[in-house]
Amino acid sequence: AYSQNADSIRLNQIGFYPGAPKKAIILDADHGIFYLENTAGKKVFTGTISRSVNKGFNGKYTGIANFTQFNATGTYKLVIPQKAESYTFTIANGALKSVADGAIKGFYYIRASIEIKEQYAGKWHRAAGHPDDKVIIHSSAVSKGRPEGTVISSPGGWYDAGDYNKYIVNSGISTATLLSLYEDFPAYMQTVKLNIPESSNKLPDVLDEALWNLRWMLTMQDPADGGVYHKLTNPAFDAMIMPDQATKPRYVVQKGTAATLDFAAVMAQASRIFAKFPQQLPGLADSCRMAATQAWDWAVKNPAVLYNQDKMNKTHEPKIVTGGYGDTKVDDEFVWAACELLVTTQNHIYVPYIKLVPVDAMTVPNWGDVRTMGYYTLLKHQDIVYTTAFNELPGLQTDFLKMADNLIANAGDNAYQTVMNKVAKNFGWGSSSVAANQGMALILAYKLTSDKKYLDNALANLDYLLGRNGTGYCYLTGFGHKPVMHPHHRPSVADGIEEPVPGLLSGGPNPGRQDKVPTPSSVPDEAFIDDENAYAVNEIAINWNAPMAYLANAIQALEGK
Ligand code: 9MR
């Protein structure tokens, strides 16, 4: 009877594991009772709503309905007598398996240069777009062997986001994150089947998916000198049309230090992973390792070639006005690449580049800040690192755990009881990825310590992404009772199908309004609108989907811990 008030109860809209924490956030903080009702209408659990310790960013306290104790599997709704009834949810083993699979499968739908077939994609099947077999060397990217106007082939890869361009910097962290998902949970990821074209081969599907982008990345290296082009792009963004309709000329532009080091890091990581599959992928590990070291050598010789699009456009034609991913600092990229290369090659030459930073400067990674990606790798491969000339592991681990402790400190006090909701600065462009990347950091802290507080807080951030948040949206398309329906994503807008392409993570709240689309609220965690034009809050992007896929799959792999 009160289901019209479901939006006033904010909870993970998919489900809960029997043995894990279970919470719903009630917008109205008034004390009172709540109960859980099963599908037969029977009360199965009664609890008291408590009040959040702190006010939310909107100045209001929330109510907390904690039903962690209740662990019987089934389908339920949470009822606040005379006030509201939640959406239905399940308590089940494997409760988040569909989300975990779906977030990886999202990458299949956004592949460039290949038909997306009905047998894999259902109603979202579509024609191939962007063959990228005749890509022009932009005037900013000329080299000895490749003078201006040279045409190269650079097919495959994923579209970056709502647009159809392919950017190495952003591909770096995204591909590395999917590779890490396999590297950190190999046994579980062996079992994950996604119904993609490669599902019947002898490689785990997550690696097949990562390979779709990795093989494209390999084509972005100038064979003459090892430098890597910043991006493969149209001069300007396409209209909101399907991939096969988007046929404007494509260019690779300027080689850069950030792109080259991100590439080196990913190739080094890929090399050690694919070395375990010599039968399935003969020679690939060696190719990746060579690509990585050649890229590294280029970066050492060219340590400060920054991508500055505005500056480039003053001296080069045609002007390029697509996404910048311009990074003004590359010390973090040096650290990341050096860490990956050290672990893969054990060569001491990389050690001097692995600079540590004070705890306060250690950050949860994003596309422009990848230092901690390197630290993760050292901490995950301690057995190897101990055999090298790098001897600062104990201090690094202490500092990393301090960072994790800082993340979770008082996370239970805010209105949504998540790490994500602690500070307003988490809510910028692509805020959903902050929640997911924080979750990844906490998963590693859990793996290093077996301390459940990290795992529980990682799960709470996943709950955030699935509906326990300031807008009540489930930010992963295709999931939940109040899913994002209108992401800024060209195929989702242009394909004539009501539901958006599934398994894609919306950027999430961001009060910055860089897209000039007003949001109903400008409160940090509420500044969102499910509008296809609102690219600063409702776009999708590979570097947001990858940590979502990592977090959901890690949580699923660790179910019952
Ligand atoms: O994710 C990027 C965000 O951190 C930046 O603030 C923003 C503006 O430079 O760009 C975002 O990346 C976009 C990229 O430039 C082009 N493809 C879509 C990306 C997501 O919006």
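The values are calculated or read from the model by the stated rules, or taken from the named source; none is laboratory data. Predicted model only: the values in this text are computed from it and were never measured. Cβ: placed from backbone, ideal geometry, glycine included. Neighbour counts: every protein chain shown.
In region 292-311, which residues are within 15 Å of the ligand (Cβ to nearest atom) and of a type outside the set (Phe, Trp, Tyr)?
First, the residues of region 292-311 that are within 15 Å of the ligand (Cβ to nearest atom): 306-310.
Once the filter is applied, which keeps residues that are within 15 Å of the ligand (Cβ to nearest atom) and of a type outside the set (Phe, Trp, Tyr), region 292-311 yields Leu306, Asn308, Gln309, Asp310.
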Would you say Val423 is surrounded by fewer than 22 Cβ atoms within 10 Å (Cβ to Cβ) and away from the ligand (no atom under 16 Å from the Cβ)? yes
In the set Ala552, Ala546, Ala527, the lone residue that is within 16 Å of the ligand (Cβ to nearest atom), small (Gly, Ala, Ser), at pLDDT 95 or above and in the same structural domain as Ser433 (by TED's automatic domain parsing) is Ala546
Condition set within 24 Å of the chain's Cα centre (by Cα) and touching a residue at least 60 places away in the same chain (Cβ under 8 Å), scope region 321-331, selection nearest to the ligand (Cβ to nearest atom): answer is Gly323
Subset of region 496-510, residues farther than 19 Å from Arg468 by Cβ and within 13 Å of the ligand (Cβ to nearest atom), comes to Leu504
Per the filter on region 86-127, residues among the hydroxyl-bearing types (Ser, Thr, Tyr) and in contact with a Pro (Cβ under 7 Å, 6 or more places away or on another chain) are Ser113, Tyr120
*Just to be sure, is Ala40 part of a loop (DSSP other than H, G, I, E, B) and either under 26 Å from the mean Cα position of the chain (by Cα) or buried (at least 18 other Cβ atoms within 10 Å of the Cβ) (or both)?*
no
Among the residues of region 332-390, the number that are within 16 Å of the ligand (Cβ to nearest atom) and surrounded by fewer than 22 Cβ atoms within 10 Å (Cβ to Cβ) is 4
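Does Lys311 meet the test of being at negative phi and either surrounded by 15 or more Cβ atoms within 10 Å (Cβ to Cβ) or part of a helix (DSSP H, G or I) (or both)? Let's see the steps before the verdict.
Working: at negative phi: yes; either surrounded by 15 or more Cβ atoms within 10 Å (Cβ to Cβ) or part of a helix (DSSP H, G or I) (or both): yes.
So Lys311 passes the test.
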Of the conditions (1) out of contact with any Lys or Arg (no Cβ under 9 Å at 6 or more places or on another chain); (2) in a helix (DSSP H, G or I); (3) at negative phi, the single one that Tyr120 does not satisfy is (1)
Scanning region 443-495 residue by residue, those surrounded by fewer than 24 Cβ atoms within 10 Å (Cβ to Cβ), part of a helix (DSSP H, G or I), out of contact with any Pro (no Cβ under 7 Å at 6 or more places or on another chain) and not hydrophobic (A, V, I, L, M, F, W, C) turn out to be Tyr446, Lys447, Thr449, Lys452, Lys453
Checked region 220-250 for anything outside any loop (DSSP other than H, G, I, E, B) and closer than 17 Å to Ala127 by Cβ; matches are Pro243, Asp244, Gln245
Could you tell me whether any residue of region 156-170 is farther than 20 Å from Tyr376 by Cβ and away from the ligand (no atom under 16 Å from the Cβ)? yes
Residues of region 89-98 being in contact with a strand residue (DSSP E or B) (Cβ under 7 Å, 6 or more places away or on another chain), assigned to a loop (DSSP other than H, G, I, E, B) and surrounded by fewer than 17 Cβ atoms within 10 Å (Cβ to Cβ), in sequence order, are Ala92
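Go over the candidates Tyr109, Tyr120 one by one and state the one that is surrounded by 22 or more Cβ atoms within 10 Å (Cβ to Cβ) and of a type in the set (Ser, Thr, Tyr). Walk me through it before giving the result.
Values: Tyr120 fails: surrounded by 22 or more Cβ atoms within 10 Å (Cβ to Cβ).
Among Tyr109, Tyr120, only Tyr109 is surrounded by 22 or more Cβ atoms within 10 Å (Cβ to Cβ) and of a type in the set (Ser, Thr, Tyr).
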Note on Lys301: of the conditions (1) touching an Asp or Glu at 6+ places or on another chain (Cβ under 9 Å); (2) surrounded by 15 or more Cβ atoms within 10 Å (Cβ to Cβ), unmet is (2)
